[in-house]
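Peer 1: Please see the structure below; I have some questions.
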Amino acid sequence: MSTVNIKINGYDYTMKKGITILDASFETLKMQREFMQQSIPTLYYLKGVQDVDQSGVCIAEVDGEIVNASTTRIKEGMEIQTRTPTVMEARKKALAAILEQHNKSCLYCFRSTSCELQDLLKEYGFTDEPDLPKTNLEQLDLSSKVLIRDNNKCIKCKRCINVCAKMQAVSAIACTGDGLDAKIEPASPAGLAAASCVNCGQCVAVCPVGALTEKTQMDQVKEALEDPDKYVVVQVAPAVRAALGEAFEFPIGVDVEGRMAEALRRLGFDKVFDTKFGADLTIMEEGSELLDRLTRYLKGDKDVCLPILTSCCPAWVNFFEHQFPDMLDIPSTARSPQQMFGAIAKNYWAEKMNIPREDLIVVSIMPCLAKKYECAREEFATQGDPDVNYSLSTRE
């Protein structure tokens with residue numbers, strides 16, 4: 001491997017030839033000695049999806065010249081400064097330009113305290129900034145059953161566009177214009193709901209601010225918990241306990257599952273179930289369906305569709321519906337684990353427990369926002385009563 005010798009903030013480093021200044025800074029973060037760790041802030045960068053950061057904060061000074069750290073490649077003998085007064089002032093100006101167009105409703109923003117822009121503003125000393133004029137506010141895009149899009153908070157980073165196009169192959173969000181004059185809009189003028197969005201929620205996951213958020217159902221769940229006439233049960237997906245363990249920085253081996261179940265009972269849920277039971281049912285149904293298809297095929301039925309793909313993910317099913325409607329017979333006809341559990345709870349367990357179906361409220365806690373969309377699908381309801389009433393994300 002060819003290497004070059006460079007200096008960052010006066011310290012010597014040997015790095016792989018041809019990488020960017022930003023990548024070199026990432027390499028320093030792996031070093032054990034803290035004084036050798038040289039970070040460069042990013043706001044638009046998203047590793048593997050968006051490698052160029054045009055926010056104006058991802059900069060460094062090389063030989064007295066301010067350069068973009070995400071596009072400038074290191075050379076032998078290069079001397080890089082990341083925190084000179086000139087660099088710090090340039091970053092502050094870039095943040096001020098972004099902030100000038102940003103709706104600063106931080107007190108009640110869903111992303112407050114977990115917002116990348118907020119973190120940078122605090123680091124660079126922004127205080128008491130004037131609010132965005134109320135006359136300039138755009139209407140919220142509420143067309144989706146799952147997502148809320150607030151362009152007043154958008155900082156034009158284009159992360160949502162890139163993850164939707166490059167990672168999900170959907171392209172439900174588009175951009176016109178450049179820089180802070182860019183306009184981030186759904187691919188359809190009718191809003192996200194009409195833009196072939198599969199409701200996967202990846203745009204929400206990568207948005208550095210609160211421009212894209214999930215539609216919360218916490219108030220409906222609280223109302224159900226407070227209703228003495230309702231029997232409220234909750235199912236929890238296996239991934240949730242791992243995510244909560246990471247979020248609260250529990251050491252490996254701590255019983256997050258037990259703590260989570262106890263917390264849910266204290267919140268007022270009458271029963272706490274594991275979605276793994278629904279997953280077992282889905283696996284059995286998918287296995288039976290595969291055997292049936294294979295048997296029919298081996299008997300000469302050439303119209304049988306093979307292979308068979310899982311139907312566990314509603315975003316995956318929605319992707320087929322939007323992008324490959326001619327291949328809808330490939331996914332399994334089995335319900336997802338969430339809906340398997342809901343159907344069993346509402347149609348079998350409720351009867352065994354002598355609970356009227358309409359008085360049983362089933363809540364799910366899921367890692368994916370597409371589960372909210374799935375709950376709202378008409379085929380997963382009986383006379384208007386959903387098999388799963390509400391779905392909460394891990395963050396909710």
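The values are calculated or read from the model by the stated rules, or taken from the named source; none is laboratory data. Note that the structure is a prediction, hence the values are computed from the model and not measured. Here the Cβ is made from the backbone with ideal geometry for all residues, glycine too, and neighbour counts use every protein chain on show. Please note that ligands, DNA and RNA were not included when accessible areas were found on the heavy atoms of the full protein model with its side chains. Shrake-Rupley method; radii C 1.70, N 1.55, O 1.52, S 1.80 Å.
Peer 1: Starting from 0.36 nm per residue, how many nanometres of slack lie between Glu285 and Thr14 once their C-alpha separation is accounted for?
Peer 2: Numbers: separation 271, 0.36 × 271 = 97.56 nm, distance 5.60 nm.
Going from the current span to full extension adds 92.0 nm.
Peer 1: If you take the square roots of the eigenvalues of the alpha-carbon gyration tensor of region 12-107 and sort them as a ≥ b ≥ c, do you get rounded (a/c under 1.5), prolate (a/b over b/c) or oblate? Don't skip to the end; give the middle numbers.
Peer 2: Values: a/c = 1.86, a/b = 1.66, b/c = 1.12.
The shape class here is prolate.
Peer 1: Right, something else. What is the set of long-range amide H partners of Ile19 at a cut-off below 5 Å, with H atoms built 1.01 Å from backbone N?
Peer 2: Residues meeting the criterion, in which the H sits 1.01 Å from N, are Ile74.
Peer 1: Just the Cα atoms of region 277-337, one point each, no solvent: what log10 I(q)/I(0) does Debye give at q = 0.17, 0.23, 0.26, 0.28 Å⁻¹?
Peer 2: Values, matching the q order: -0.59, -0.93, -1.05, -1.12.
Peer 1: Loop-only check: which GluC sites (Glu not before Pro) in region 40-141 are DSSP coil with at most 12 other Cβ within 10 angstrom?
Peer 2: Glu76, Glu138
Peer 1: Tabulate in residue order the Karplus-calculated ³J(HN,Hα) for region 303-317, using 6.51 cos²θ - 1.76 cosθ + 1.60 with θ = phi - 60°, rounded to whole Hz; enter x for Gly and Pro.
Peer 2: Each residue's phi maps through the Karplus curve to give 7, 5, 8, 10, x, 10, 10, 5, 10, 5, 9, x, 5, 5, 5 Hz.
Peer 1: Right, something else. Among the GluC sites (Glu not before Pro) in region 192-262, which ones are in a DSSP loop with at most 10 other Cβ atoms within 10 Å of the Cβ? Mind listing them?
Peer 2: Answer in residue order: Glu249.
Peer 1: Same structure, new question: Taking R0 as 51 Å, what FRET efficiency do you get between Lys352 and Leu180 from their Cβ-Cβ distance, rounded to the nearest 0.05?
Peer 2: Numbers: r = 60 Å, r/R0 = 1.17.
Working from the Cβ atoms, E equals 0.30.
Peer 1: When all C-alpha to C-alpha distances in region 260-396 are sorted into bins of 10 Å, what percent of pairs does each bin hold, rounded to whole numbers?
Peer 2: Bins of 10 Å from zero give 11, 36, 33, 15, 5, 1 percent of pairs.
Peer 1: Take every DSSP beta bridge with both residues inside the chain and express the antiparallel ones as a percent of the total, to the nearest 5.
Peer 2: 60
Peer 1: Just order 312-319, 161-168, 369-376 by mean Cβ neighbour count inside 10 Å, highest at the front, would you?
Peer 2: The peptides rank, most packed first, as 369-376, 312-319, 161-168.
Peer 1: If you don't mind, another one. Using the Cα centre of region 1-89 as the reference point, and only Cβ charges (+1 on K/R, -1 on D/E), how large is the resulting charge dipole? Debye, rounded to the nearest 20. Don't skip to the answer; put the middle values down first.
Peer 2: Details: 9 positive and 12 negative charges, 66 e Å.
Approximately 320 debye in magnitude.
Peer 1: Write down the Å³ per residue value for the convex hull defined by the alpha carbon atoms of the chain.
Peer 2: It comes to 207 Å³ per residue, whole-number rounded.
Peer 1: Give me the percent relative contact order of the chain, please, defined on Cα pairs under 8 angstrom at least 6 residues apart. Can you show the working numbers first?
Peer 2: Numbers: 626 pairs, mean separation 50.0, N = 396.
Taking the mean separation of contacting Cα pairs over the length of the chain, I get 13 percent.
Peer 1: Report the Stokes-Einstein translational diffusion coefficient (µm² s⁻¹, integer) for region 125-249, Rh taken as the Kirkwood radius over Cα pairs, at 37 °C with viscosity 0.692 mPa s.
Peer 2: Taking Rh from Cα pairs, D becomes 192 µm²/s.
Peer 1: How large is the charge dipole for the chain, taken about the Cα centre, if only the Cβ atoms of Lys, Arg (+1) and Asp, Glu (-1) carry charge, to the nearest 20 debye? Before the final figure, lay out the partial values.
Peer 2: Details: 45 positive and 57 negative charges, 129 e Å.
The calculation lands at about 620 debye.
Peer 1: Kindly provide the trypsin sites (Lys or Arg not before Pro) of region 293-339 that DSSP labels as loop, not H, G, I, E or B, and whose Cβ sees at most 16 other Cβ atoms within 10 Å.
Peer 2: On the way: sites: Arg293, Arg296, Lys299, Lys302, Arg335; in loops: Lys299, Lys302, Arg335.
Hits after loop and neighbour filter: Lys299, Lys302.
Peer 1: With a probe of 1.4 Å, find how much accessible area the chain has per residue, and write the answer as a whole number in Å².
Peer 2: On a per-residue basis, 53 Å².
Peer 1: List the residues, sorted by chain then number, that are 5 or more residues from Ile173 or on another chain and whose placed amide H is less than 5 Å from its amide H.
Peer 2: Residues meeting the amide H criterion: Ala187.
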